[in-house]
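Notes follow once the structure below has been shown.
The values are calculated or read from the model by the stated rules, or taken from the named source; none is laboratory data. It should be emphasised that the depicted structure is a prediction, and the values quoted were computed from it without experimental measurement. Here the Cβ positions follow ideal geometry from the backbone for every residue, glycine too, while neighbour counts run over all protein chains shown.
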């Protein structure tokens with residue numbers, strides 16, 4: 001996995017995009033994306049992941 005693919009996975013998961021769509025975008029397998037997300041605590045439903053990042057951002061700003 002290349003650095004740009006890792007960056008793209010983080011960017012898209014923070015937007016709530018699912019594993020399959022990220023896999024198509026990065027030219028990786030869905031399982032590779034899913035396993036990477038599990039290791040980096042980006043797993044779960046896309047909407048829930050996006051909401052968690054929005055919530056963290058709010059706490060950081062305040």
Of all residues in the range 31-48, count the ones that are crowded, with 17+ Cβ neighbours inside 10 Å and in a loop (DSSP other than H, G, I, E, B).
1
List the residue pairs whose Cβ atoms are under 6 Å apart, where the first residue sits in the range 16-30 and is at positive phi and surrounded by 13 or more Cβ atoms within 10 Å (Cβ to Cβ), the second is modelled with pLDDT under 90 and assigned to a helix (DSSP H, G or I), and the two are 6 or more positions apart or on different chains.
16/46; 16/47; 16/50
